[in-house]
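No value in this document is a laboratory result; all are computed from the given coordinates. This structure is a prediction, so every number in the text was calculated from the model and none was measured. Cβ placement follows ideal geometry from the backbone for every residue including glycine, while neighbour counts extend to all protein chains displayed.
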Amino acid sequence: MKLDRRTFIGIVVGAGLGAGAGVNLSPLPWKLTDDISIWTQNWPWVPVPEEGRVSHADTICQVCPGHCGITVRKVKDRAVKIEGKEGYPINDGGICPLGAAGLQLLYGPWRAPGPMRRLGKRGEGKWEQISWDEAINEVVSRLSDLRNQNKPETVACITSDDRGTVPQLFARFMKAYGSPNFVAGTSADATSSIAMELAQGKRASVGFDLEEADYVVSFGSGIIEGWGSPVRSIQAYSKWRSKKGSGAPTLVQIEPRLSNTAAKADRWYPVKPGTEATLALGLAHVMMKESLFDIGFVEGSTSNFNDWKEMVLNRYGLEDVSRSTGLSTEDITELARNFAKAKRPLAVWGRGKGTAPGSLYECMAILSLNALVGNMNRRGGMWANLCDTDMGWPDIPQDAVAENGLDTPRLDEAGTDEYPLAKYRPDALPQAMNENPDAVQALLVYEADPYYTYLDSTQVAKAFSRIPYIVSFSSYFDDTAAHADLILPNHNYLERWEDVPSPPELPKPIVGLSKPAISPQLDTRYAADTLMTIAKKLGGTVSNAFPWKDYESVLKQTLGEDWGVLSKKGYMEKRFETENQFAFYTEYQEPIRAEGSSYRYPLTLIPVELIRLADRRIGNPPFCTKSLETTELEGQDLFVDVNPKTCFDFGLADGKHALLETPQGKAKVLVHASEGIMPGVVGIPKGLGHTGYDEYLAGKGVNANTFLGVVDDPISGLCATWGIRARLTSV
Amino acid sequence: MKEEDLGHRETQHHGESEHVAKYKFGMVIDLDKCTGCGACMVACMAENNIPFRAEDINDRLVHNYWMRVYKMSNGLPFPDNEVCYIPRPCQHCEGSGHHHHTPCISVCPATVTDYDPETGIVSQIYTRCFGCRYCMAACPYHVRVFNWWDPKWPKGMEQYLSPDVSPRMRGVVEKCSFCYHRFQRAKDKAYVEGRTEITDEHEYQTACAQACPANAITFGDLQNPNHAVYKLKKSPNAFRLLEHLGTNPKIYYTSSRPWVQEAADVYMGAEGIDITHP
């Protein structure tokens, strides 16, 4: 058949009409229309949260050492929101981003659903859930084997704090079992309490009365970025800003980077990193030379003043201090005068959030400024509160195995002749384990994430890989738990009773009592109950050391008469006053240097602590990671802050990748050209690069601890690392 | 908008009895106090069932923030560089005239968004929205965000979702509602107590204002002389964002720093002339 134009059009039109009619007879258009209307309606797979009776439960937030009072809003038996508790003495209704995201920790998939035994390789994330009996029997058989072999000292225990009933039960277990290796975490407070021991003869925490001070000089403390009890410090700052006129307090920030605190300070003095102690003593120099100090306090309540004065006048000449810190002599003199002449001056110690112990000499120098103006135990000044971990429990029975084990030296060498002042030296553990691979045969980890938080991640990973048996009591699959062999999950902090120690930076300590805001959601148990069950099954003196029925009865008995107040009010003030006494530290010390050669590593890397990024034992919940600046994290890569001048010098481009190398490690990072950082300095955020948890946190960025090594403080023996030499090359 | 103009507008309002608003909710945000901690952002996400995704978790272009804290810099080189944080909820523009033609309401073809004359709150009804995103283009403050994906919570996490705020579906625009459900709750409570109006500012607070540890965010009825915002908005340091556009927003900011005040009336962001993101 010949196909002419007319026929062709006829066929095409006919087919078109036919198809059109056919389609219209088919269900397709109706289906499409229906789909379009569904598109604009509520999709059935978008959850519809269940309604129910609303109630509120008060408890204490434990995601950081700030220990705020919180109120959990509940609908039926679900927790739907965490808010700051009105009237609580620490935070009065305020809350920080991490605290507000707490329910993501409670309900997140990163929680261990029950006792978990590792399948596959460590860190691979393959687990099987087993029964509590099976899990506990496994630990008991491991621990009793080691005890039968007379090697109780090869069991180590890591916690983040040694204050409170549960950490003390772990310490007690270790003593009864026969190991000296109970290692709690350290922080700026560990250093300042050693400083107070040197200054007063008694170990005491240093509290800072921010609210009442009117001239605050912060030596790198992130006062509004998580320092101390974060909400309380921010509220103190807010109160300063509410005061107008001549009485308005002044905040002076000393640090090489324009942190939020520096940005909000009345005056920012960018000093060269690591020269804070030099500046503090330079200020002291000016104050003493110009007789701008509290003679009454210095003569009446201090000792070693003349020796110290001589040392400071000789060693910290204005010109020298100016050269080392990079500040002009005029600036230093002006700052010293303003500080000394203020009505209630206060010098604040503890860099960033105060997570790093830091240099004892620097701490002493800063506290000496407070002593010079005589603000000790005074309104707006520094307050010393005795550290007390005596629980009033019966003596610990010990058999011969335990006695022998306890006679062996501590692995971290804390309290030995070499490091007499240190109570714990957690940062020394990985190296000690690597030098002596058989030293630790089993490791118990409670409320700590050493695999993530310890410095020098490569060394830590190596040390952990050599420990034959790791047991984590964590509620979460944190980095340590992810590399453990067995997880015996504790209740989440919203599910448990617990005595919560005071944040050490408070001038008037507040002890809190955490109450279950919600019933346990998973097959978890109190870590203390698990531990006591293990002890009872081990038998003998270990079992006898725990004469209590269960954890809740220990808690009630330990709190004694305070139980009534605490369970009713939720908190109480507990002050252990010290005398007004301060011995100046007269021995000159060189500043702690950053590790690495400046020839090979021309830059200085400093860790940066951000309030929107948790960097301690708790991983950052998704809400907080979502709130990070786009100049802090992009996709899976983190940014380091570099001054545009430095970018120019080293051929780095803003927003582009670069290789960051230090003597300890290297990794690819993104460069953020920022005018808020001193040339020659690189700032890296802490809190990213987790290996545990889940896709919302793991693998994002790199752990800043990968780049940092451990530098021992010559006086305290704690880790004094504040930075490290580094190199950045574009890739 | 200068204070006198605003006063004039209010008088006009009161002139017509049927248009007298019962409340005019708004905020005064003290930028000298704001520490940029981000508690407002997180409290908002937790209160309003705002989802999150693992990929590009903090990408501002594709993820939803009702409250977003901007970081601004004065652009000067080290060490004269300064930084200021600006929390930015929906500005709940009043618009000009009696029609309350805010930029978003003017363009919405589906009456998804509307001005509530009782409270001054700009509403958003998700189920009406078909995702044309005209409002997003119109909003000079970038407060509106689009749901590019269905919300998905990791297993178990739906448990913390609040029944007060419905989770949104793919294909709709959402934005800050001044925690309108909290206003409804306050009204219910007042009704039970035999009152027809809520008078005390503590009865109704947004989640961000409640959370703010620095007390930088003050929320209340801008026309009620007993509310803190009434006085605070009259501060000589008070200003609003992009006042020259005449959107008449109900979020006031205060800052003692001139460069911050100046920056508030130019277009911020990548297109900024003198202002750069640090």
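Charge dipole (Cα centre; +1 on Lys/Arg Cβ, -1 on Asp/Glu Cβ; no other charges) of the protein assembly as shown amounts to roughly 2100 debye. This model, with +1 at the C-beta of Lys and Arg and -1 at the C-beta of Asp and Glu, gives the range A:646-728 a dipole about its Cα centre of some 180 debye. Ranking B:145, B:211, B:222 by how far each Cα lies toward the positive end of the dipole of chain B (charges on Cβ) leaves B:145 at the top. Kirkwood hydrodynamic radius of the range A:603-730, from the reciprocal of the average inverse Cα-Cα distance over all distinct pairs: 14.9 Å. The residue A:587 and residue A:561 beta-carbon pair, evaluated with R₀ = 45 Å, returns a calculated FRET efficiency of approximately 0.50. The ranking of A:657, B:99 from fewest to most other beta carbons within 10 Å of each one's beta carbon is B:99, A:657.
Counting only other chains, and only Cβ atoms inside 10 Å, what mean value do you get across the residues of A:609-619?
On the way: counts 0, 3, 6, 8, 1, 0, 0, 0, 0, 0, 0.
The mean count of partner-chain Cβ atoms within 10 Å per residue comes to 2.
For residue A:418 and residue A:31 in the same chain, what is the full-extension length gain: residue separation times 0.36 nm, less their Cα-Cα distance, in nm?
On the way: separation 387, 0.36 × 387 = 139.32 nm, distance 8.05 nm.
So the extension gain works out to 131.3 nm.
Residues A:264, B:71, A:289, arranged from fewest to most other Cβ atoms within 10 angstrom of their Cβ, appear as A:289, B:71, A:264. Maximal additional length on extending the residue A:388-residue A:53 stretch stands at 116.3 nm, based on 0.36 nm per residue less the C-alpha distance. The distance between label points at residue B:132 and residue A:379 comes to 6.4 nm (points 7 Å beyond Cα on the Cα→Cβ vector). Pairs from the list A:85/A:239; A:244/B:22; A:462/A:686; A:686/B:71; A:462/B:155 with a Cα-Cα gap above 28 Å: A:244/B:22; A:462/B:155. In order along the range B:32-44, the phi-based Karplus estimate (6.51 cos²θ - 1.76 cosθ + 1.60, θ = phi - 60°) of 3J(HN,Hα) comes to 6, 8, 4, 9, x, 6, x, 4, 5, 4, 5, 4, 5 Hz; Gly and Pro are listed as x. Take every pair of alpha-carbon atoms less than 8 Å apart whose residues are at least six positions apart; their mean separation over the length of chain A yields a relative contact order of 17 percent.
Modelled this way, with points 7 Å down the Cα-to-C-beta line, the labels at residue B:80 and residue A:303 are 5.2 nm from one another. For A:600, B:128, the sequence from fewest to most other C-beta atoms within 10 Å is A:600, B:128. The region of chain A that goes longest without hitting one of the GluC sites (Glu not before Pro) in a DSSP loop, each with at most 13 other Cβ atoms within 10 Å, is A:125-289. Counted over chain A with a bin width of 20 Å, the fraction of Cα pairs per bin, in whole percents, is 16, 47, 27, 6, 3, 1, 0. Centre-to-centre, using Cα atoms only, the range A:53-88 and the range A:548-584 are separated by 22 Å. If R₀ is 25 angstrom, what is the calculated FRET efficiency for the pair residue A:329 and residue A:650, using the beta carbon separation as r and rounding to 0.05? Computed FRET efficiency for residue A:329 and residue A:650: 0.20. Across the range A:539-602, the fraction of Cα-Cα pairs farther apart than 15 Å, rounded to a whole number, is 77%. Once both labels are positioned 7 Å from their Cα atoms along Cα-to-Cβ, the gap between residue A:290 and residue A:568 label points is 5.4 nm. Cα centroids of the range A:210-275 and the range A:597-618: 21 Å apart.
Within 10 Å of each candidate Cβ there may be at most 14 other Cβ atoms; applying that plus a DSSP loop requirement, which trypsin sites (Lys or Arg not before Pro) in the range A:624-658 survive?
On the way: sites: A:626, A:645, A:656; in loops: A:656.
Here the sparse-neighbourhood loop sites are A:656.
Just how far, in whole angstrom, is the range B:57-95 from the range A:346-367 if you go by their alpha carbon centroids? That distance is 32 Å.
About the Cα centre of the range A:202-386, how large is the charge dipole given +1 on each Lys and Arg Cβ and -1 on each Asp and Glu Cβ? Please answer in debye to the nearest 20.
Around 620 debye, computed over the range A:202-386.
Once the chain from residue B:181 to residue B:193 is taken as fully extended at 0.36 nm per residue, the excess over their C-alpha distance is 2.5 nm. Counting every alpha-carbon pair across the range A:380-500, the share separated by more than 20 Å comes to 60%. Applying 1/(1 + (r/R0)^6) with R0 = 51 Å to the Cβ-Cβ distance of residue A:17 and residue B:152 gives a FRET efficiency near 0.70. Note on the protein assembly as shown: dipole from Cβ charges, positive end direction compared against B:171, A:719, A:103; the farthest Cα belongs to B:171. Around residue A:720, what is the net charge, scoring Lys/Arg as +1 and Asp/Glu as -1 over all other residues with Cβ under 9 Å from its Cβ? For residues surrounding residue A:720, the net value is -3.
As a ratio to 2.2 N^0.38 Å, the alpha-carbon radius of gyration for the range B:3-263 is 1.01.
Dipole orientation for the protein assembly as shown: of the candidates B:112, A:8, A:24, A:8 has the Cα lying most toward the positive pole (charges on Cβ; Lys, Arg +1; Asp, Glu -1).
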